[in-house]
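S.K.: I'd like to ask some things about the structure below.
The values are calculated or read from the model by the stated rules, or taken from the named source; none is laboratory data. Here the structure is a predicted model, which is why all the values come from computation and not from measurement. So basically every Cβ, Gly included, is an ideal-geometry build from the backbone, and we count neighbours across all protein chains shown. Just the protein is used for accessible areas: all its heavy atoms, side chains included, with ligands, DNA and RNA removed. Shrake-Rupley method; radii C 1.70, N 1.55, O 1.52, S 1.80 Å.
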Amino acid sequence: MYIGSLEIPVALVRLMDAGAWPADESAANMQNLKPFFTETAVKAFAPEEFRIFLYPPPFRTLQQERDTCCGLTDEQYALADIDPVLTVPIGDFGPGSDTAIALDFRSNHKDPSVIRLVWNLPEQPNRWKRIAPSFVEFWNILNSGEA
């Protein structure tokens, strides 16, 4: 699975095929009824959050999202920290959240790291923070919480 020249990690595609990652909008919406992960697992990488919402495909780069919808401002997206052409949102922290979880292809086009937007406005600038050096490690963190 590709978004332009960016290859979505094979592990993520396999999770979709196995039904562990939402493959469509209907499956994704089930997370609103029963979260896929424990609060403990989420707090392992985002202490101020308590749940995550995984996006179904089709995935888009942050730049594609900015080009096609009326999203956040450059300051809110903390564009100084990332390259929106090489950033692919794969989730957020639930209903009403503007804090994305994304694949970051800047350092490695074959094995992107996983980052999250940390919302600090208006007191300080928003920032992107690295969650894991690879998608597999991110998935391991999510599954380390109690079931």
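S.K.: List the aspartates and glutamates whose alpha-carbon lies under 14 Å from that of LYS110, not counting same-chain residues fewer than 8 positions away?
M.R.: GLU7
S.K.: Can you list the HN-Hα couplings for the stretch 54-63, worked out from phi with the Karplus curve (6.51, -1.76, 1.60; θ = phi - 60°), rounded to whole Hz and with x for Gly and Pro?
M.R.: 3J(HN,Hα) across the stretch 54-63, in whole Hz: 8, 7, x, x, x, 7, 9, 6, 4, 5.
S.K.: Using Cα pairs closer than 8 Å and at least 6 residues apart in sequence, work out the relative contact order for the stretch 1-132, in percent.
M.R.: After rounding, I find 19 percent.
S.K.: Can you find, among HIS109, GLN31, SER144, the residue sitting farthest towards the positive end of the charge dipole of the chain, where Lys and Arg contribute +1 and Asp and Glu -1 at Cβ?
M.R.: SER144
S.K.: I need the calculated FRET efficiency for the pair ALA20 and ARG127, taking r as the beta carbon distance and R₀ as 25 Å, to the nearest 0.05.
M.R.: With R0 = 25 Å, the Cβ-Cβ based efficiency is 0.25.
S.K.: Mark the label point 7 Å from the Cα of ASP98 along Cα→Cβ and return the residues of the stretch 104-147 whose backbone N is within less than 15 Å of it.
M.R.: It comes to 117-128, nothing else.
S.K.: If I compute solvent accessible area with a 1.4 Å probe over the protein chains, what percent of it on the stretch 1-86 is carbon and sulfur?
M.R.: Exposed carbon and sulfur together represent 55 percent of the surface.
S.K.: If the cut-off is a Cα-Cα distance under 24 Å, which lysines reach LYS34, setting aside same-chain residues fewer than 8 apart in sequence?
M.R.: Within the straight-line cut-off, LYS34 pairs with LYS43.
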